[in-house]
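Visitor: Sending over a structure as structure tokens; questions will come in a sec.
The values are calculated or read from the model by the stated rules, or taken from the named source; none is laboratory data. Since we're looking at a predicted model, the values are computed, not measured. Here the Cβ is made from the backbone with ideal geometry for all residues, glycine too, and neighbour counts use every protein chain on show.
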Amino acid sequence: MYSKDGENYFIVDGHVALWDGSPQNQANRYGKGFIECFYDYHRNLSPAEWVWPLEKFMKYSEADFVHDLFETGYVDTAIFQPAYLSDFYTHGFHRRDAALALCGQYPDKLVLNEAWDPRYGEAGLERLEALAAAREVKGVKLYTAEWKGDSKGWKLTDEWSCRYLAKCEELGIRNIHIHKGPTVYPLNRDAFDVADVDDVATAFPGLNFIIEHVGLPRLEDFCWIGTQEPNVYGGLAVAIPFMHSRPRYFAQIIGELLYWLDEDRILFGSDYAIWHPKWLVEQFVDFQIPQDMQSEYGVLTPDVKRKILGLNAAKLYDLKVPAEASASSSTDRVPA
Amino acid sequence: MTTATRTSVDVLVWDALGTVLDPELDQPITDLGFVTEVRVREESSSACTALVRLRLPTYFCAPNFAYLMVADAHDAVRGVDAVTGVEIRLEDHFAAEEINAGAAAEQGFAKTFPRQAGGELADLRLTFQRKAHLACLERACRQLIQDGWQIERLARATLSDLCDGPDAESLLRRRADLGLATGPDARLFVDDHGDPVSAEKLPARLRFAQAVRVSVDGNAHFCRGLLETRYGTRVPKEDAR
């Protein structure tokens, strides 16, 4: 919980990871390139005092994770969004065993999402069933640009993908987090295009589709879909750190999101360990749309921030919110 | 060839590269800091080769856009009279080898990525030319509204209503790319195909155009920042358009 100026904020970090991108785990040059790319994101958008050395960034400890999120980062509940990247990392990028152990230690503070890949066909469906039988699974993270041999990605509308989505519905896995990447077949098309999300959001109205990174670099396409599909949500990971280095740009992003989606469908995420939740939470609570943009975008009230920082995700994941951090009844965003 | 003429060929090559746009960001690769080096090598009295090194903000930048930039750079530099040979070398990219070889052999994208591409890149380019046009149109309309135009009247505005300046020039260039009319009497607010947008539909279209403009500008900020971080250099012309 974070408190400032008499307002309380229940914090759900909707996008965290415990990864191993160390040289020992890198299977090839792609694994090296991937973690270096993450590190550039980290260095480019973090305040200088929050930048880690590369060695720590490649593999940090469980103690770092607990300290950064729960002891200093104000996070009440964090959601693991796994990325295995098995073609890049010998033992997978996501440290599932370690994450699962942490969940055992902090059952009220951690949610472990699973992942699936439709290219595993029937065997993958059985694995998903087994995972859901072993413990409650509330969500999955899908990375459509994950490589698998010659295949450089897949689409949500693929036949097998729809079978997996139907299986999620059957198993009560309602939250489908989607991350678009640069290499989806066919490569001549725009891999970041989110049109396939539109199709499956219509076909599976009982599922929630959370587009991570609010569709960046296709914010406009994401906004267009979000306005038509009530079960489409946007995760702010990657977008939110811009408020530090480019506050006017961030104001436009959040302004567009509030215009097209409304304040109930935007979720906070740090993308830890790319960014640290402490400075993100503090700066977001202090953030305001610049005065000259307010006639267009309105202002961010504490209620809007409360929803984005935790209450929206708490609804999707059935998390218990303490009474002192529930939304107040005051009117929300001042209309433009 | 003397040093003076070699220098002037360098300048011509840089100028030619300045016409190559990142299709996604709608800005010249020279402004974005994507050109690492231009080297002109004299082969004989009548032949010289231009070597161009390119770099991108990340190792995993989308290979289709990367291919377009490398292929466009080939075409642009080949168009420089004094240059008889061209080598464009994309570096530090996961698919650099395939892209460099494919673009040099002019074999097209589908052959460069035989099992992974379902065709060429014309549709991709068109999609992003349309986005670029929409973003420029929004900037032009925003200026008119600031100058006192009512939104309803924009449906009747023509290109002659624009003030001269970089925004108007950008819009005309994007219209020309799409084959849309560029004469002073042509309607300003047209759709992707050049058809006028009615006064009823215009506000919604303009609002979407704003989201496109925010997105394109934002991606350019991000890519510039990542390139600076990756290479430890400052990219000049921050807000050039």
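Visitor: Which residue, of A:Glu229, A:Glu212, A:Glu282, is over 17 Å from A:Tyr2 (Cβ atoms), in contact (Cβ under 8 Å) with a residue 60 or more places away in the chain and more than 11 Å from chain B (Cβ to nearest Cβ)?
Guide: On inspection, the qualifying residue turns out to be A:Glu212.
Visitor: Here is a list: A:Phe34, A:Phe57. Which entry is within 14 Å of chain B (Cβ to nearest Cβ), of a type outside the set (Lys, Arg), touching a helix residue (DSSP H, G or I) at 6+ places or on another chain (Cβ under 8 Å) and in a helix (DSSP H, G or I)?
Guide: A:Phe57
Residues checked against (1) hydrophobic (A, V, I, L, M, F, W, C); (2) away from every other protein chain (no Cβ under 14 Å); (3) within 26 Å of B:Gly218 (Cα to Cα):
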residue: B:Ala82; (1), (2), (3): yes, yes, no
residue: B:Glu87; (1), (2), (3): no, yes, no
residue: B:Pro114; (1), (2), (3): no, no, no
residue: B:Glu120; (1), (2), (3): no, no, no
residue: B:Leu124; (1), (2), (3): yes, no, yes
residue: B:Phe128; (1), (2), (3): yes, no, yes
residue: B:Leu134; (1), (2), (3): yes, no, yes
residue: B:Glu138; (1), (2), (3): no, no, yes
residue: B:Gln146; (1), (2), (3): no, no, yes
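Visitor: Another question, then. Which residues, taken from segment B:38-68, are touching a Cys at 6+ places or on another chain (Cβ under 9 Å) and either more than 16 Å from B:Arg78 (Cβ to Cβ) or in contact (Cβ under 8 Å) with a residue 24 or more places away in the chain (or both)?
Guide: Selection gives B:Val40, B:Glu42, B:Leu56, B:Pro57, B:Thr58, B:Tyr59, B:Phe60, B:Cys61.
Visitor: Only one of A:Gly206, A:Gly269 is within 20 Å of A:Asp318 (Cβ to Cβ), under 18 Å from the mean Cα position of the chain (by Cα), among the small types (Gly, Ala, Ser) and not in a strand (DSSP E or B); which?
Guide: After ruling out the rest, the residue left standing is A:Gly269.
Visitor: Moving on. Take segment A:232-256 and flag every residue that is within 16 Å of the chain's Cα centre (by Cα) and either surrounded by fewer than 21 Cβ atoms within 10 Å (Cβ to Cβ) or closer than 24 Å to A:Gly206 by Cβ (or both).
Guide: A:Val232, A:Tyr233, A:Gly234, A:Gly235
Visitor: In segment A:113-170, which residue that is in contact (Cβ under 8 Å) with a residue 60 or more places away in the chain and of a type outside the set (A, V, I, L, M, F, W, C) is nearest to A:Gly31 (Cα to Cα)?
Guide: A:Glu146
Visitor: Given the criterion surrounded by fewer than 18 Cβ atoms within 10 Å (Cβ to Cβ), more than 14 Å from chain B (Cβ to nearest Cβ) and closer than 30 Å to B:Arg213 by Cα, identify the matching residue among A:Asp193, A:Asp199.
Guide: Matching residue, one of A:Asp193, A:Asp199: A:Asp199.
Visitor: What residue, of B:Ala199, B:Ala209, is of a type in the set (A, V, I, L, M, F, W, C), assigned to a loop (DSSP other than H, G, I, E, B) and either in contact (Cβ under 8 Å) with a residue 12 or more places away in the chain or away from chain A (no Cβ under 14 Å) (or both)?
Guide: The match here is B:Ala199.
Visitor: Kindly evaluate B:Gly79 against the criterion of being in the same structural domain as B:Gln107 (by TED's automatic domain parsing), surrounded by fewer than 20 Cβ atoms within 10 Å (Cβ to Cβ) and either in contact with a Pro (Cβ under 6 Å, 6 or more places away or on another chain) or at positive phi (or both).
Guide: Answer is no for this residue.
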